[in-house]
Each structure stands twice: as C-alpha cells, then as structure tokens.
Amino acid sequence: MRAIYSPLRDYCAAHRPDAVCYDVTNWPARLVAGQLDIPAVRCVPNLAENDTYSLDEQLTAGIDPDHPEMAALPADCARFSTDHGVDLDVAATMDVTEALNLVFIPREFQPAGDSFDDPFCFLGPLLGHREQREPWSPPDPSIPVLFISLGTIFTDHAEFYRTCLDAFGHGPWQVAMTVGETDPAAIGPIPATVDVRPRFPQPAVLRHAAAFISHAGMNSTMEALYYGVPLVTFPQMPEQVANADRVAELGLGQRLDVNSLAPDTLQQAISRVTADQQVRANLDRMRQAIQDAGGAERGAAVIEGHLS
C-alpha cells in the first residue's frame, strides 16, 4: 500500500480524473482523492458496515491487540501520515464511508440491510461475461451436477477432498471438484463420475449445478445465489464465516465444520438443501433480488448522477 500511494497521487495530479473509484481495502486511493479534492466512489465487494453492523469487529475478534504486527500498526500509520502530510490511523485503513458506496451484493443479503441509507447503493454481484468467455457443460446432461470448491487460497485440504470422494464418488451425482495446487494423487483414486481440476470456469459450472459445496467466499456465494444454487459451506476465515452464517440465517443453505467432517454428514446436508422446498423458495427470492439490484449498469448510472 505504501508503494501505491505516491505513483497514484502523481498520476491523478497530472491527469486529473472526474472521479476515483476504489476498492474498500485501497485506502491510498481514498487519501489521494481527498488530498486532490477529487470525488471518490468506494466499491465494497463484501458485507458493508455502518453503526448498526460491523464486519471488522468479527474479522478482528480473535486477534490479540498485543500481537507484534498489530501493536506496530499505529506507529506505522503515524509515520505514513508524517511522510505524506495526510491523516491516517488504523481505523482509516479499514472502513471509511464515502458520499457514494457501491456494494456488490443485494440489500437483502446484507445484515441489517434496512439500516443503510442513501450513501450506500446495493448493486448485487457483477459477473460480466465470464460465463460466455469460459463455457462448460456437464458430460451427461441427465445426471445432476455437484460443484465442490474451496476457492483459490485455502485449497490444501487433501483429507476434505477424499471425504467428498467417499461421499459422492459412487452416488447419483456427477461431480466437478477444484483442488487448486493440491496433487490429485494425494487424494486417492478418482471415480469416473468425478472431474478433478485445479480450477473450473465457476459461473459456467454453477449454471448447471444442483448444489455447491463452498468455502463461502463472497464471490462464490454471490455467484451461487445468482444462479439459484443451494450452498453447503465450509468457511476458512472470519469473513467467510460471516458469509456462511448469513447463508444459513436466510435459509439459502447449510454451514458445516470442515474439521468434523464425515461422508454421511456431507450426503445428508446436500440431500437437505436440494430437497427442501423452503430453501428453494428462499433461493428464488434472493435470485430475484439480485436481478432487481441493477448490477454494473445501475452502478454506472449512479456514478454519473453523483458526479453531475
């Protein structure tokens, strides 16, 4: 982040833009916009925060404030402030509301969604044309598809993948399973009904999927809801825990503990979320909310209206 600030400031000073749109974690862009008096638009790809709901409190709940890296942050922020003539403290590196905040989830998924007023615009997920750029079709259109993915970071879980093979390798599913950099040989024999790859074109697979076993990253969660796919979640980090809890709270799927896993537990969870008519009704409502949110087209119109 230190390396970003000066080049970005120099560029914006030389080629003054009409606005700076920045990701919620990119606090140097916020500082540059403030210093140069350029309108800023904050993009929030996760759960939003206000006085009613705080994601940061959940993310930092298990962190010891005396941890050396945490203890060093205030002094680091103070040095940055002195070096660049700006005001920066630890809180200002995490969540600062702008005059316009574009949130890439539907309001209906946001905890305490009704408490967010005009500065927040909930657009829903922005999938673009990824499905068209990377098509995928199931080998057998008559067999239901189960998609399994723990995302792109926390993929070193050979035992988890083996449990999935035990649960679904010989059942009524054709399985698409991502394993990241995990060696498939470490998982064991791969049944003919299971396709194991480092990655899949996720939106294209979800279009065909009947269920999704996921880490509950926000991108994966929103893509599943966009296609109306029920979730069985195994969160790996606090932000994913918040997403998984929200999925369960809204009746869009079920959260399980990756550390207490068994094939029959997985089978029962998938059977429940795919057969439960209330889950299906909840998914249909959330899918409609996503379609009604407006996406990138509405976001562009809101930005133009804000600037005018």
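The values are calculated or read from the model by the stated rules, or taken from the named source; none is laboratory data. Just so you know, these numbers come straight off a predicted model, no measurement behind them. Positions of Cβ are generated from backbone atoms using ideal geometry, with glycine treated the same way; all protein chains shown enter the neighbour counts.
Annotations
- Some residue of the range 182-200 being touching a residue at least 60 places away in the same chain (Cβ under 8 Å) and either of a type outside the set (A, V, I, L, M) or part of a loop (DSSP other than H, G, I, E, B) (or both): yes
- Which listed residue is in a loop (DSSP other than H, G, I, E, B) and without any contact (Cβ under 8 Å) to a residue 60 or more places away in the chain, from 7, 65: 65
- Evaluation of residue 281 against (1) surrounded by 15 or more Cβ atoms within 10 Å (Cβ to Cβ); (2) at pLDDT 95 or above; (3) closer than 19 Å to residue 206 by Cα (one fails), failing number: (1)
- Count of the range 137-165 residues, restricted to those that are exposed (fewer than 15 other Cβ atoms within 10 Å of the Cβ) and either of a type in the set (Val, Ile, Thr) or in a helix (DSSP H, G or I) (or both), is 3.
Okay, residues lined up against (1) β-branched (Val, Ile, Thr); (2) at negative phi; (3) more than 26 Å from the chain's Cα centre (by Cα):
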residue: 13; (1), (2), (3): no, yes, yes
residue: 18; (1), (2), (3): no, yes, yes
residue: 29; (1), (2), (3): no, yes, no
residue: 52; (1), (2), (3): yes, yes, no
residue: 57; (1), (2), (3): no, yes, no
residue: 85; (1), (2), (3): no, no, yes
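- Extreme residue, farthest from residue 113 (Cα to Cα), among residues of the range 254-275 that are in contact (Cβ under 8 Å) with a residue 40 or more places away in the chain and crowded, with 16+ Cβ neighbours inside 10 Å: 263
- The set of residues from the range 10-45 being closer than 24 Å to residue 126 by Cα and free of Cβ contacts under 8 Å to residues at least 12 places away in the same chain comprises just one member, 25.
- For the range 89-136, filtered to residues that are in a loop (DSSP other than H, G, I, E, B), modelled with pLDDT under 90 and of a type in the set (A, V, I, L, M, F, W, C), the residue that is farthest from residue 296 (Cα to Cα) is 90.
- Here residue 260 meets the list (1) modelled with pLDDT under 95; (2) more than 23 Å from residue 57 (Cα to Cα); (3) in contact with a helix residue (DSSP H, G or I) (Cβ under 7 Å, 6 or more places away or on another chain); (4) not hydrophobic (A, V, I, L, M, F, W, C) almost entirely, failing just condition (3).
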